[in-house]
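The values are calculated or read from the model by the stated rules, or taken from the named source; none is laboratory data. Since the structure is predicted, the reported quantities are computational estimates derived from the model, not experimental observations. Cβ placement follows ideal geometry from the backbone for every residue including glycine, while neighbour counts extend to all protein chains displayed.
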Amino acid sequence: MAFFRMILSWGLHAVVFLLFVLFIAFLGFCLYIKYTHLKYDHIPGPPRDSFFFGHTYTFRKMRQREEVSFNTLLKWAEIYGPVYRINIMHNVLVNVTCPEATKEILMSLKYTKDKILHKKLFHVFGQRFLGNSIPTTPDNALWYKYRKIMDPAFSSLYLKDLMGTFNEVAEKLMGKLSEASDNKTEVSILRLFNCVTMDVIAKVAFGVDFNLLQNTSPFPRAVETCLKGTLQDVRDMFFQFNPKNRAFIREVREACRLLRTSGAQWINDRRAAMQNGDDVPKDILTQIIKAAGEEESMTPEDDECMVDNFVGFFIAGHETTANPLAFCVMELARHPEILEKAKKEVDDVIGMKNDVSFDHLGDLVYLSQVLKETLRLYPPSPALYRHLPEDIIIDGINIPAGVSCLFSTYVTSRLDRFFKDPLTFDPDRFHPDAPKPYYCYFPFSVGPHSCLGKTFALMEAKVVMAKLLQRFDFNLLPGQTFEFCDTGTLRPKSGVMCHMNHRDDNK
């Protein structure tokens with residue numbers, strides 16, 4: 001009996017000690033959060049939802065209501081000015097809309113990409129996703145190494161040779177739209193553009209012919225699933241602990257594995273073909289493997305990083321073009337006077353020619369303005385993040401080191417202090433003689449970390465839009481919404497449903 005009383009006594013002491021340790025840990029955590037508040041609360045910002053969770057509840061409610069969180073960031077920028085603070089749990093994020101600070105930070109390699117976001121994108125629900133790809137790695141040495149490898153694949157000479165593929169795939173889209181016009185059936189412009197841009201990136205980058213306008217493939221759904229999963233994992237730290245989400249989480253992991261195993265297979269097959277002296281396409285994948293083979297410091301981990309870059313480029317190579325193209329059609333259909341001006345330019349430059357040449361692209365000045373204005377209102381990548389390694393003063397406010405700054409081209413492009421009537425679709429903002437926006441418009445980022453595929457995306461977009469305007473009139477189906485959703489990239493919520501008509505039919 002005494003033995004059992006001793007065991008019970010020890011157990012009670014252990015429980016009391018454990019509770020004491022937990023209390024001390026909890027007290028330490030509270031003191032740390034209070035210290036963080038005292039360190040950064042001189043920065044303007046909205047009232048926190050709670051002491052522990054900061055503004056987490058606000059963003060969670062927005063997700064539940066399927067609202068675009070950047071609209072809230074825009075509202076806060078209008079209220080609190082060019083620098084304001086956001087608290088996410090014990091982390092502080094500083095939103096910056098000051099052009100001078102934007103220039104200083106984004107143009108310098110001293111300010112690396114956000115390490116917390118990198119960890120979230122490295123894995124999604126425990127499955128490796130973007131890893132150390134060029135768009136995400138905060139390691140400047142690693143970024144420079146892979147940027148050097150990738151650069152030859154995006155030289156102007158190489159991109160010029162892609163015009164044939166751009167025209168070929170765009171021509172298949174014209175055939176699909178012609179069928180819809182003849183059959184008087186409605187089409188989802190967003191879905192068709194997604195097929196086209198994925199076909200282009202698969203063919204010109206990796207020598208794979210999907211032909212998604214005619215065939216089915218698991219890749220489009222896998223990309224969409226990965227993006228949705230990434231968004232949930234980044235913005236909701238409790239998402240994976242909810243049992244209701246297990247099926248979706250499994251689907252996301254499987255989608256990541258599909259993209260990565262396919263990428264690894266394509267890389268290995270191409271490398272083996274090159275080593276055997278076989279004829280291989282002179283595409284981006286070949287360029288990457290050649291450049292990697294000349295890099296002296298390549299390691300086994302670099303093979304995994306090549307897959308990281310495959311996934312990053314595969315996703316960015318079609319999402320960042322398809323979505324703006326769909327938004328472009330939506331806005332042109334809502335502004336007939338702009339649409340007619342764009343059509344006239346295409347008629348004057350291209351006429352009845354079947355193919356759009358490289359020289360034509362430079363002459364399509366107004367179409368460039370239309371695309372730039374589309375990117376202003378609907379940037380495919382609405383935000384960038386940079387880590388502050390040292391104290392900095394922004395707009396007279398001292399920002400202590402150790403936090404990350406958020407730069408949103410979506411927010412700055414919709415502020416009336418930078419653009420007059422910012423919600424009005426006006427391509428003349430980008431007229432060659434108009435003043436250029438000063439570090440408040442950066443849909444493809446700016447500085448050394450600017451998007452590697454910017455020229456590629458704009459060339460492809462011009463070819464597709466020029467052919468579309470040359471041959472078709474289009475009308476939006478009544479009753480659809482002009483709202484958009486945030487799925488990691490901005491996307492038209494309605495899919496941009498249209499009726500197509502041959503232009504010849506309306507003459």
**Item:** Extreme residue, farthest from the chain's Cα centre (by Cα), among residues of the range 77-97 that are crowded, with 21+ Cβ neighbours inside 10 Å and not in a strand (DSSP E or B)
**Value:** PRO82
**Message:** Quick check on my filter: what residues within the range 192-212 are surrounded by fewer than 16 Cβ atoms within 10 Å (Cβ to Cβ) and at negative phi?
**Reply:** ASP209
**Fill in**
Scanning the range 372-426 for residues that are without any contact (Cβ under 8 Å) to a residue 24 or more places away in the chain and farther than 29 Å from GLU460 by Cβ gives GLU390, ASP391, ILE393, GLY396, ALA401, GLY402, ASP416, ARG417, LYS420, ASP421
**Message:** Taking the criterion of being of a type outside the set (Ser, Thr, Tyr), more than 22 Å from ALA205 (Cα to Cα), surrounded by fewer than 18 Cβ atoms within 10 Å (Cβ to Cβ) and in contact (Cβ under 8 Å) with a residue 60 or more places away in the chain, would at least one residue in the range 252-259 satisfy it?
**Reply:** no
**Fill in**
Residues of the range 388-401 being touching a helix residue (DSSP H, G or I) at 6+ places or on another chain (Cβ under 9 Å) and not in a strand (DSSP E or B), in sequence order, are LEU388, ASP395, PRO400
**Asked** touching a Gly at 6+ places or on another chain (Cβ under 9 Å), in contact (Cβ under 8 Å) with a residue 24 or more places away in the chain, of a type in the set (S, T, N, Q) and assigned to a helix (DSSP H, G or I) - does that describe any residue in the range 466-477?
**Response** yes
**Message:** Quick check on the range 327-350. Is at least one of its residues modelled with pLDDT of 90 or more, in contact with a helix residue (DSSP H, G or I) (Cβ under 7 Å, 6 or more places away or on another chain), among the hydrophobic types (A, V, I, L, M, F, W, C) and assigned to a loop (DSSP other than H, G, I, E, B)?
**Reply:** yes
**Message:** Taking the conditions exactly as written (part of a helix (DSSP H, G or I), in contact (Cβ under 8 Å) with a residue 60 or more places away in the chain and either touching a Cys at 6+ places or on another chain (Cβ under 8 Å) or more than 30 Å from VAL208 (Cα to Cα) (or both)), does ALA141 satisfy them or not?
**Reply:** no
**Filter result for the condition that a residue is of a type outside the set (D, E, K, R), at pLDDT 95 or above and touching a Lys or Arg at 6+ places or on another chain (Cβ under 8 Å), over PHE444, PHE430** = PHE430
**Fill in**
Residues in the range 366-412 that are in contact with a Cys (Cβ under 7 Å, 6 or more places away or on another chain) and of a type in the set (S, T, N, Q) total 2
**Request:** Sort through GLY175, GLY207 and tell me the only one that's under 28 Å from HIS449 (Cα atoms), over 23 Å from the mean Cα position of the chain (by Cα) and not hydrophobic (A, V, I, L, M, F, W, C).
**Result:** GLY207
**Item:** Whichever residue in the range 410-438 is touching a Ser or Thr at 6+ places or on another chain (Cβ under 8 Å) and closer than 30 Å to HIS37 by Cα and, among such residues, is surrounded by the fewest Cβ atoms within 10 Å (Cβ to Cβ)
**Value:** LEU415
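Per-residue answers, yes or no, for (1) of a type outside the set (Ser, Thr, Tyr); (2) closer than 30 Å to PHE407 by Cα:
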{"position": "PHE419", "(1), (2)": "yes, yes"}
{"position": "PRO422", "(1), (2)": "yes, yes"}
{"position": "ALA466", "(1), (2)": "yes, no"}
{"position": "GLN480", "(1), (2)": "yes, no"}
{"position": "GLY488", "(1), (2)": "yes, yes"}
{"position": "SER494", "(1), (2)": "no, yes"}
{"position": "ARG503", "(1), (2)": "yes, no"}
**Asked** Here are some conditions: (1) in contact with a Lys or Arg (Cβ under 8 Å, 6 or more places away or on another chain); (2) crowded, with 19+ Cβ neighbours inside 10 Å; (3) closer than 23 Å to PHE166 by Cα. ILE284 meets all but one. Which one does it not meet?
**Response** (1)
**Asked** If we keep just the residues of the range 24-71 that are touching a residue at least 60 places away in the same chain (Cβ under 8 Å), surrounded by 17 or more Cβ atoms within 10 Å (Cβ to Cβ) and outside any helix (DSSP H, G or I), which is nearest to the chain's Cα centre (by Cα)?
**Response** VAL68
**Complete:** Exactly one of PHE125, PHE210, PHE219, PHE166 is aromatic (Phe, Trp, Tyr) and either over 23 Å from PHE310 (Cβ atoms) or touching a Leu at 6+ places or on another chain (Cβ under 9 Å) (or both), and that residue is PHE219
**Prompt:** Filtering the range 472-507 down to residues that are at pLDDT 85 or above and hydroxyl-bearing (Ser, Thr, Tyr), which residue is nearest to MET352 (Cα to Cα)?
**Reply:** SER494
**Item:** Every residue from the range 237-251 that is assigned to a helix (DSSP H, G or I) and either without any contact (Cβ under 8 Å) to a residue 24 or more places away in the chain or of a type in the set (A, V, I, L, M, F, W, C) (or both)
**Value:** PHE239, PHE241, PRO243, LYS244, ASN245, ARG246, ALA247, PHE248, ILE249, ARG250
**Asked** Of the conditions (1) hydrophobic (A, V, I, L, M, F, W, C); (2) at pLDDT below 85; (3) closer than 19 Å to PRO382 by Cα, VAL16 fails just one. Which one is it?
**Response** (3)
**Item:** Candidates ASN167, ASN132, ASN194 - the one that is of a type outside the set (A, V, I, L, M, F, W, C), outside any helix (DSSP H, G or I) and closer than 21 Å to THR320 by Cα
**Value:** ASN132
